[in-house]
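In what follows, a structure is listed as structure tokens, so that the remarks can point back to it.
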There are 2 protein chains.
Amino acid sequence: MSPTDASQFPPFGVTVDLVVLTVRDHTLNALTIRRGEPPFQGQWALPGGFVRPDEGLEAAAARELAEETGLDQLPVHLEQLATFGDPGRDPRMRVVSVAYLVLAPDLPAPRPGGDAAGARWSPAAELADGSRLAFDHTRILEEGVERARAKIEYSSLAAAFCPEEFTVGELRRVYEAVWGVALDPRNFHRKVTGTPDFLVPTGGTTTRQGGRPAQLFRRGSAEKLNPPMLRPEP
Amino acid sequence: MSPTDASQFPPFGVTVDLVVLTVRDHTLNALTIRRGEPPFQGQWALPGGFVRPDEGLEAAAARELAEETGLDQLPVHLEQLATFGDPGRDPRMRVVSVAYLVLAPDLPAPRPGGDAAGARWSPAAELADGSRLAFDHTRILEEGVERARAKIEYSSLAAAFCPEEFTVGELRRVYEAVWGVALDPRNFHRKVTGTPDFLVPTGGTTTRQGGRPAQLFRRGSAEKLNPPMLRPEP
DNA sequence: GCTGTTTATCGTCAGGCAGACGACTAAGAT
DNA sequence: ATCTTAGTCGTCTGCCTGACGATAAACAGC
């Protein structure tokens, strides 16, 4: 039967694209690179590239992250987001792109490499609205942001935006930035410190946010947050 | 740069695979087909096949569903599940498979077509344990089942397993089958009838489940269930 | 027709959790 | 010394859930 005859399968290009998110200045930011090659040369796009013939998809995502941004060997969260394969999404040929979501703590300025002529963080809201990203990357970005918003509700993933040791207030600011809302510091503190194995106190304190010294915590073993953190409606 | 040079991109095969779930006899069942062609000829596998050159991914999933099972033009839910692309997952060549999840009401016996030498429903638990499905389809099935289990918690998706008009008890049996637990009929009734726009009474009643006549409902406009239905632990 | 069985539906009550918000603590800034 | 900023502990109230009693309306069998 023709469609499953390996000798005449229709050839596709397969790429990975990365939605890399972090929290900077109380705002959810995403990483974009300036394309150094056509198509869309000079435009901003999500980092990504073709999967190599003997490379797994997640491995390709990790490689592209390292190559194009220098965000290598860092404690980041990486998960598959979704796959985009509409005919015509790449003007060159039929390309299916497997998008990955990366959550990273606030990092030094990205170092562009590989095919990228530039790399920068921008507020996710601006990227989704004004700027036109190359290909269908605006839509991919939106899905990544929505996934992150949904997932911090019921998992400990928000800590992936924090450094290894962090305070309850810093974790709260992550939720506030990702959701774009203000949360009650007292209720938030009760919630996260009251959930077993969610936070582990390291014993230290810090005043890097000003004010009274705050306890430092590490991520606990709990991966799920049950009952979930409730996202306010406004 | 070589990896993004379209003229020398590494060619991949791209397929869609379908995790088709339904509830039969108080049990979550999945659809499998017997492969009529190598590789894995004669073995059971998830329905699926190669994406055509000018066809969208979701369109390919819908086409394969119709071709291989005859479950066409039915009120089913179809969503992208995940993409599997490990090198070596297909012995013929490098193939990336985009898996889709289909939730369907209990249907007449599937009619095999296309490349399938047979098609049948089997309890999902048996497929995940004993039988060895072709390729990495056991893992794909497991992810589909887990997605369904998670998603009926906070969405109205469980109704996709029911006929257009259904009773509260029938909907409860869906949850019980998918989660493999027993739920309190009184608390369940309170929860689903108390959530605004979740269920719309049609006015009719039925006794097809025996006992006292039950009100018939249709799916309401609410797509999310907030607060979620809680899945018991044991 | 009467009785037991099955399923549906309504009600009650106690405990847990979240939202609103008061109060106190401990650092740096002026 | 006082102000400002952030962190932490408590209290109260209302909502939701889990456990479970009670009633209703069909059918099966005697």
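Put simply, of A:Arg186, A:Arg219 the only residue that is within 16 Å of DNA strand C (Cβ to nearest atom) and away from every other protein chain (no Cβ under 14 Å) is A:Arg186.
Selection over the range B:106-132 of residues that are crowded, with 20+ Cβ neighbours inside 10 Å and among the aliphatic types (A, V, I, L, M) gives a count of 4. Among residues of the range A:10-27 that are more than 20 Å from A:Ala159 (Cβ to Cβ), those with a Cβ under 9 angstrom from a residue that is basic (Lys, Arg), sequence gap 6+ or separate chain, pair up as A:Pro10/A:Arg94; A:Pro10/B:Arg52; A:Pro11/A:Arg94; A:Phe12/A:Arg94; A:Gly13/A:Arg92; A:Gly13/A:Arg94; A:Val14/B:Arg94; A:Val16/A:Arg63. Among strands (runs of 3 or more DSSP E) entirely within the range A:1-116, having at least 1 residues that are more than 12 Å from chain B (Cβ to nearest Cβ) and over 14 Å from the mean Cα position of the chain (by Cα) singles out A:27-35. Residues of the range B:135-167 that are away from DNA strand D (no atom under 16 Å from the Cβ), touching a residue at least 40 places away in the same chain (Cβ under 8 Å), within 14 Å of another protein chain (Cβ to nearest Cβ) and closer than 16 Å to B:Thr27 by Cα: none at all. Of all residues in the range A:211-223, those that are more than 11 Å from DNA strand D (Cβ to nearest atom) and surrounded by 11 or more Cβ atoms within 10 Å (Cβ to Cβ) total 5.
Restrict the check to the range A:194-210 and report whether at least one residue is more than 12 Å from DNA strand D (Cβ to nearest atom), closer than 23 Å to A:Trp179 by Cβ, away from chain B (no Cβ under 14 Å) and among the β-branched types (Val, Ile, Thr).
The answer is yes; a qualifying residue exists.
Within the option set A:Thr167, A:Thr195, being over 23 Å from A:Thr22 (Cα atoms) and buried (at least 16 other Cβ atoms within 10 Å of the Cβ) holds for one residue only, A:Thr195. Residue pairs whose Cβ atoms lie under 8 Å apart, separated by 6 or more positions or on different chains, with the first residue in the range A:177-188 and more than 13 Å from A:Ala148 (Cα to Cα) and the second in a loop (DSSP other than H, G, I, E, B) and not basic (Lys, Arg), are A:Val181/A:Pro232; A:Val181/A:Pro234; A:Leu183/A:Pro232.
Rule-based calculations on the coordinates, nothing more; no lab input. Everything quoted here is computed from the prediction, not taken from an experiment. All Cβ positions, glycine included, derive from the backbone under ideal geometry; neighbour counts span all protein chains shown.
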